[in-house]
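Novice: Mind looking over this structure? Questions follow.
The values are calculated or read from the model by the stated rules, or taken from the named source; none is laboratory data. This structure is a prediction, so every number in the text was calculated from the model and none was measured. Backbone-built Cβ (ideal geometry, glycine too); neighbour counts: all protein chains shown. The accessibility values were calculated without ligands, DNA or RNA, using every heavy atom of the protein model including side chains. Shrake-Rupley method; radii C 1.70, N 1.55, O 1.52, S 1.80 Å.
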Amino acid sequence: MGGGAWGVVPRHLIDPWYRAIFVRRSVRAYDGRPVGREAIGEIRELLDGFSPLCEGARAVLLEEGAQEILSGTVGSIGKIQGAGAVVVFIADKSHPQWQAAAGYLGEGIILHATSLGLGTCWVAGTYKRSEARRRIALSVSESIVAVTPLGRPAAAESAGAQVIRAVAGSHKRKPLETLTRGVAADQWRLGCREALEAARLAPSAANRQPWQFGVMPDRVVVRASGPDLMPVVPNRLDCGIVMLHLEVGARAHGLEGSWTFLQRPLVAEYVFEPAGDPDHQART
Ligand SMILES: Cc1cc2nc3c(=O)[nH]c(=O)nc-3n(C[C@H](O)[C@H](O)[C@H](O)COP(=O)(O)O)c2cc1C
């Protein structure tokens, strides 16, 4: 079932990733320039350090082939233009929580890239998976779940990208009241509201926001809600993304804690450390 503690973002990344939450948006048109050496080096460093914390998923940075992989599906529907590189998110399906693991890892990479001034976009449907697969050696239990372009945003979006943004209603988010269950808001731990606000801003496939939060005085439980969009975009992938936002928002506001995966339809719970736990400094 994949129980046990899991994940947890290195402490020095919390503040830059928290700031990135508020400026990130999906970018589908780039200026065509390569991603600079410095930023590539920073992303590679993150992959080496953060991926091992996300058991069940890994990511590969490709500096060649971005255009072929991102050339859309039927005709040029969903085509992403001018990206300098691409990161491919891979899940190990033998891990019981592979979808959430891939979402959590992928969003960490996306927020990191955002903090470096790069544009990104989760793409799980409108890309050529065969082109990505051709470039990466996968083990028998591994599967590519999504990719993100990396690059400098172009001055203007293409008409196609504007259509996708409009259809998905990309800027809209559900109000917190409709996403939360559990104890009344006046019993939430200090910082919990900010953590939930950061979670609310998480991206999701077609902007469906398929998650619910059970808020207790000492924890937040993440639950998947609604049917999967398609077999290729399970809700639990989106829930992994929201987990990353929730944790970053909580820890940016002093709520250290840890994750434990739970049985379906629940996904995981973030249990706060008791206030003033002296061990947490040592661990971070
Ligand atoms: C798991 C996932 C899969 C996505 N797949 C696609 C895709 O295939 N094509 C695309 O153009 N956008 C895709 N998106 C981007 C969403 O449409 C976008 O995140 C959402 O509309 C919210 O907009 P924002 O990212 O600008 O906040 C995907 C997002 C997520 C999280």
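Novice: With an 8 Å Cα cut-off and a minimum separation of 6 or more residues, compute the relative contact order for the chain in percent.
Specialist: The normalised contact order for the chain reaches 23 percent.
Novice: Report, in degrees rounded to the nearest 10, the 0 to 90 angle that the Cα long axis of helix 14-23 makes with the longest principal axis of the chain.
Specialist: 60 degrees
Novice: Which value, in Å², gives the accessible area per residue of region 168-270 when a 1.4 Å probe is used on the protein heavy atoms? Spell out each step's value before the answer.
Specialist: Details: 4090 Å² over 103 residues.
For region 168-270, the per-residue accessible area is 40 Å².
Novice: Zone of Leu190 (label point 7 Å along Cα→Cβ, backbone N under 11 Å): which residues in region 234-261?
Specialist: Label zone hits: 254-255.
Novice: I've got another one for you. Convex hull over the alpha-carbon atoms of region 204-261: what's its volume per residue in Å³?
Specialist: 82 Å³
Novice: Here is a follow-up. In degrees between 0 and 90, to the nearest 10, how far off the longest principal axis of the chain does helix 98-115 point, with axes built from Cα atoms?
Specialist: Its long axis makes an angle of about 70 degrees.
Novice: Could I ask something else about it? Express the accessible area of region 3-116 per residue in Å², computed with a 1.4 Å probe while the remaining protein chains stay in the model.
Specialist: In whole numbers, region 3-116 has 41 Å² accessible per residue.
Novice: In addition: Given the -39500 (n - 2.57) contribution per DSSP H run of 4+ residues, what per-residue ellipticity at 222 nm results for the chain, rounded to the nearest 500 deg cm²/dmol?
Specialist: The helix-only estimate for the chain comes to -10000 deg cm²/dmol at 222 nm.
Novice: Taking every pair of Cα atoms in region 180-229, average 1/r, invert it to obtain the Kirkwood radius, and report Rg/Rh to two decimals.
Specialist: On the way: Rg = 11.7 Å, Rh = 11.7 Å.
Result: Rg/Rh = 1.00.
Novice: Need the full-extension length gain, Ala156 to Lys93, defined as separation in residues times 0.36 nm minus the C-alpha distance. One decimal, nm.
Specialist: Numbers: separation 63, 0.36 × 63 = 22.68 nm, distance 3.83 nm.
That pair, Ala156 and Lys93, stretches by 18.8 nm at full extension.
Novice: What is the percent carbon and sulfur in the accessible area of region 5-283, measuring with a 1.4 Å probe over the protein chains and ignoring ligands?
Specialist: 54 percent
Novice: Would you calculate the separation in nanometres between label points at Asp31 and Ala137, each defined as 7 Å from the Cα along the Cα-to-beta-carbon direction?
Specialist: Placing both labels 7 Å along Cα→Cβ, they lie 3.7 nm apart.
Novice: While we're looking at this one, here's another question. Shape verdict for region 56-205, please, from the Cα gyration tensor: rounded (a/c under 1.5), prolate (a/b greater than b/c) or oblate.
Specialist: Taking the square roots of the gyration eigenvalues as a ≥ b ≥ c, region 56-205 is oblate.
Novice: Whole number please: convex hull volume per residue, Cα atoms of the chain, in Å³.
Specialist: Here the figure is 122 Å³ per residue.
Novice: For region 44-134, state which GluC sites (Glu not before Pro) are in a DSSP loop and have at most 16 other beta carbons lying within 10 Å of their beta carbon.
Specialist: Glu63, Glu64
Novice: Name the lysines eligible as straight-distance cross-link partners of Lys93: C-alpha to C-alpha under 23 Å, and not fewer than 8 places from it in the same chain.
Specialist: Those lysines meeting the cut-off are Lys128.
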